[in-house]
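The values are calculated or read from the model by the stated rules, or taken from the named source; none is laboratory data. Everything numeric in this text was worked out from a predicted model, so none of it was measured. Backbone-built Cβ (ideal geometry, glycine too); neighbour counts: all protein chains shown. Each accessible area value is taken on the protein alone, full model and side chains, heavy atoms only, with ligands, DNA and RNA left out. Shrake-Rupley method; radii C 1.70, N 1.55, O 1.52, S 1.80 Å.
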Amino acid sequence: QATNFGLAVEEVRRMLAWRLSDEEAPPPPEGIVAGSEEDSEIRDPAERAKVRTTIFLGCTSNLISAGTRESIRYLLQHKLVSCLVTTAGGVEEDLMKCLAPHYLGSQRGVEGFALKGAELRQKGINRIGNLLVPNRNYCLFEDWLTPLLDTLMDEQEASGGATSPSRMIWRMGEKIDDASSICYWANRNRIPIFCPAITDGSIGDMLFFHSYKRPGLVVDLVQDIRAINSMAVDARRTGMLICGGGLVKHHICNANLMRNGADYAVFVNTGQEFDGSDSGAKPDEAVSWGKVRPEATPVKVCADATLLLPLLVAQTFARERGAEAAAAAAPP
């Protein structure tokens, strides 16, 4: 897979390098004067150079539970992606780490993956791979989140309008006020986090409990499907960087179907195609659906994303940002 990793680096670099100024502006429609108010095309070369690839980042929740949280945060902190798609676990694990630590598991020489579930259960400890999360962390999260749900309910009753998963996550990022958080930087930099499975985790548990205390809070999924699909449709070019499979992979690919496919795509996962799953499907299957353009050069790397994502970020996004910073600091 080293070859595919090299191809993935090249594909991400192409995502980052493209500018609208690379393409000649098309002539205006008949009867429209170029540059007039009726002309919707960007024609100023300097303005065209500012239009870049819209990059959809997808990460399953385990990547945020694990050490790759910092790599994902880096991308949002420096405005290197256009949106993030993750699952409920990805959102809550990011926020919970601001409230209390997770622990690397081991006991009397027994590595974390081999710790006995029944023994951990008796001690009030939950295992995520080789990480351990005490029940207390979830209690802290509930104490932190419930007042925000009350606020959202107050606002809904006052305005008559429902919130959406991305708007709820936006408010979480605003409230956490912790620069180690992905949600914090998403809020600060106005980068949407889409989570269509917002109820599939501790956040869903809190919504369940809250529905008995104050019934009626509405979290509208349709607002977000319009937002992510419109982001794809309105983009001049799109790129997909998807680590893991399942919901995050399909949700991003399906949004790009709305524009007849992404221009660039990198998939990183260990799924195999023999079971017919979308998670394991190779990029060429996505081409058949119109999720990746036929002329694109998509790459799949069969690898553990917790190892590969930091390497990929270092060779692409971080290097690009470093080059731009050096160019900006250079004397005229």
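Starting from the Cα-Cα distance between residue 123 and residue 218, subtract it from 0.36 nm times their residue separation and give me the gain in nm to one decimal.
Once the chain is fully extended between residue 123 and residue 218, it gains 30.6 nm.
Over the stretch 1-64, consider all pairs of different Cα atoms and compute the Kirkwood hydrodynamic radius from their mean reciprocal separation; express it in Å, one decimal.
14.9 Å
Output wanted: per-residue J couplings in Hz (rounded whole) for the stretch 287-295, from phi through Karplus 6.51 cos²θ - 1.76 cosθ + 1.60, θ = phi - 60°, x for Gly and Pro.
4, 5, 8, x, 8, 10, 5, x, 8
Name the residues whose placed amide hydrogens come within less than 5 Å of the amide hydrogen of residue 85, ignoring near sequence neighbours (fewer than 5 apart) on the same chain.
The list, which skips near neighbours in sequence, is 57, 58, 59, 194.
Give the long-range amide H neighbours of residue 300: residues separated by 5 or more places, or on another chain, with amide H under 5 Å away, using H modelled in the peptide plane at 1.01 Å from N.
The answer is 267.
By accessible area of protein heavy atoms, probe 1.4 Å, what ranking do 104, 149 get, highest first?
Of 104, 149, the descending order of accessible area is 104, 149.
Taking θ as phi - 60°, what are the ³J(HN,Hα) couplings along the stretch 272-279 by the Karplus curve (6.51, -1.76, 1.60), each to the nearest whole Hz, with x for Gly and Pro?
10, 7, 5, 8, x, 7, 5, 4
Compute the distance from the alpha-carbon center of the stretch 1-67 to that of the stretch 261-332, in whole Å.
Centre-to-centre (Cα) distance: 14 Å.
Could you give me the ³J(HN,Hα) list for the stretch 239-253, computed from phi with Karplus coefficients 6.51, -1.76, 1.60 and θ = phi - 60°, whole Hz, x at Gly and Pro?
Each residue of the stretch 239-253 in turn: x, 10, 10, 10, 9, x, x, x, 4, 5, 5, 5, 5, 5, 4 Hz.
Considering the Cα positions of the stretch 148-249, please state its Rg to one decimal place and its Dmax as a whole number of Å.
Cα only, the stretch 148-249: 14.8, 46 Å (Rg, Dmax).
Can you pull out the trypsin sites (Lys or Arg not before Pro) in the stretch 125-171 whose DSSP state is coil and whose Cβ has at most 16 other Cβ atoms within 10 Å?
none
Just the number please: accessible area per residue for the chain, 1.4 Å probe, all protein chains included, in Å².
The answer is 49 Å² per residue.
Report the dimensions of the stretch 233-293 along its three principal axes from the alpha-carbon atoms, largest first, rounded to Å.
Here the Cα extents, ordered largest to smallest, are 33, 20, 16 Å.
222 nm [θ] for the chain, helices only, -39500 (n - 2.57) per DSSP H run of 4+, per residue, to 500?
Rounded to the nearest 500, it is -15000 deg cm²/dmol.
When only alpha-carbon atoms are used, what values of Rg and Dmax, in angstrom, describe the chain?
21.7, 79
Over the Cα atoms of the stretch 189-332, each weighted equally, I'd like the Debye log10 I(q)/I(0) at q = 0.09, 0.18, 0.20 Å⁻¹, rounded to two decimals.
-0.39, -1.14, -1.25
Would you list 250, 210, 78, 102 from the most to the least accessible area, probe 1.4 Å?
Sorted descending by solvent-accessible area, the residues read 250, 78, 102, 210.
Report the dimensions of the stretch 54-173 along its three principal axes from the alpha-carbon atoms, largest first, rounded to Å.
Cα spread of the stretch 54-173 along its principal axes, largest to smallest: 56, 34, 17 Å.
Please list, in chain and number order, the residues 5+ apart from residue 245 or on another chain whose amide H is under 5 Å from its amide H, with Hs placed from the backbone.
Here nothing satisfies the definition.
For the chain, what is the percent of antiparallel DSSP beta bridges, rounded to the nearest 5?
Antiparallel: roughly 30 percent of the beta bridges in the chain.
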